[in-house]
Structures are given as structure tokens and as C-alpha cells.
Amino acid sequence: MALLKVLLLLLVWLGVSVNSVVSLQKRIIGGHDCDDKERLHHVRLERSNGQRRPRCGASLIHPEWILTAAHCFKSETGWYNVAMLKVHPRTATQQEQVIVHDPVIYADHLPRHDIMLLKLRKEVTDVPPVQLPNCDNRLKIGDTVQLAGEGGTITGPNNERIRRPNVSSRLQCVDMQVVAVSRIEPTSGHVFKTAAPNKDICLGDSGSGVIFNDMIYGVISQGGLDYACQDPTFIMDVCEYMDWIKQTTGLK
């Protein structure tokens, strides 16, 4: 406590407000380090032009396929998209695969569905894929689901979002409650929403899986644009896309 007081006084002397310091101490998603035995299916998507830039999370759902958010893929001259597997736990030896296949993005009459499948260049044999949901048991309001990501863990003053947050040193997990069940949003597609006091996602967490009963029921799409912990998180409802997922990947 004494050390914290000294730090606060030092930062005030340097011109940093106490309000800023309090905000900077928060973990934006209010979460914790994921257990080393969970979320082995987590994938980090990066962009590279010789320099790496983490972009999103994703989930291995099949030895050759990962599931993520559609806005996580960007095609640009001089850049390529990379899937990093075995990023959790940190003791594992990470595997890198450059994405060479075109993304498969769900499309129908809506302007956009923020869900995408990416085919890996080669089959993964030493990472267990996450199980697909039991859609006979749909999520209900009040159900607790687990979100995760490697995005930033801090905010600026007054919970303002930081546009280029540092990547978390460890995969972060957080429990949130379902506050709205599946509905259609014109700019996202079929979503459900989650929220919890003082918990939220951050830039870089999009695309990561949302887990219920050890199965992937959702894909993180977006949260509030400017401030953390104020708006519900939009989650793509995997059950609404199961026919497409099975047809594309060959999963039963």
C-alpha cells in the first residue's frame, strides 16, 4: 500500500491524474489467467509484412479449420495473414501457419455476417479442437459463458479504450452472463449478447471463442467502441451457422 501511494504521488508530480492511474490499474475484461489445461484450441491471428501485428483470436474446430470473426481477415498488398497455434499455455512451442486459402465468409441477404472459416495450409495433429455446441441446449438469459482473448488488459482515463493496446502476456479468461439471446443485427448477423459488472473485451479479443459446457457457442464480434464496461458484447451465435460450418468443414 505504501508503495502504491508513492507511485501515485510520483505520477501526479509528473502530471498524470489520479483518475488515470486508477483506470490504468484495471484489467479491461476483469479476468484472470486461463488455466494451462483449458483453451488449448485458442489461435492468435496476426498480420505480417516482415513485422508482426496481432489482430484477433480464433478457435481450432477441425484439424484443418479455424473459426473466427469475418472482420479479422484483411487482404492487403505486401501483407499476409498468419495463424499462430499452441499460443496457450505459454510453455508450449508455438506453431505458425501462413493462411494461403481464401477465407470462407457466411453470406445471405443480410449486409454482413461477422463469422468466418479459415482453412489451414496443413492439418494440425497435436492440438485438440474445441467441440461444437449442442444446439438442442440453446443458451438462455442468465447463463454464464466464458470469454477469452489476448487483447489489451488496461484502459485509459475514465475507461476510454486504448486503440493500440499491448498484447497480454498470457491468455485471459473471464465469465460473463448472457443478457440477450439470439437475434439478428443487420451489421453483424445472428448474435447473442453478454455483460458483467466491470468486465469487458478489448481490441484484439475479437474472433476468440465463447465457451459454455466446454463447447464453443459463440465467436466474439465487438464491444463498445469508445469506452469499456458500458455496453454488452456482441457474440456471433454459432448454433445459427452450424449447417454452414458442417457443410464447409465436413464435420458431423
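The values are calculated or read from the model by the stated rules, or taken from the named source; none is laboratory data. On a predicted model such as this, the values are computed, not experimentally measured, just so you know. Positions of Cβ are generated from backbone atoms using ideal geometry, with glycine treated the same way; all protein chains shown enter the neighbour counts.
Within region 213-234, restricting attention to residues that are part of a strand (DSSP E or B) and surrounded by fewer than 18 Cβ atoms within 10 Å (Cβ to Cβ), which residue is modelled with the lowest pLDDT?
Among them, the one singled out is Y227.
Going by the structure shown, is V22 outside the structural domain of A196 (by the TED database) and modelled with pLDDT of 90 or more?
No, not satisfied.
Of the conditions (1) modelled with pLDDT of 95 or more; (2) more than 19 Å from R138 (Cβ to Cβ), D237 fails just one. Which one is it?
It is condition (2) that D237 fails.
Looking only at region 101-126, count every residue that is surrounded by 16 or more Cβ atoms within 10 Å (Cβ to Cβ) and closer than 14 Å to D237 by Cβ and tell me the total.
4
Could you run through region 127-173 and say how many residues are at pLDDT 95 or above, more than 29 Å from E46 (Cβ to Cβ) and surrounded by fewer than 20 Cβ atoms within 10 Å (Cβ to Cβ)?
So the answer is 10.
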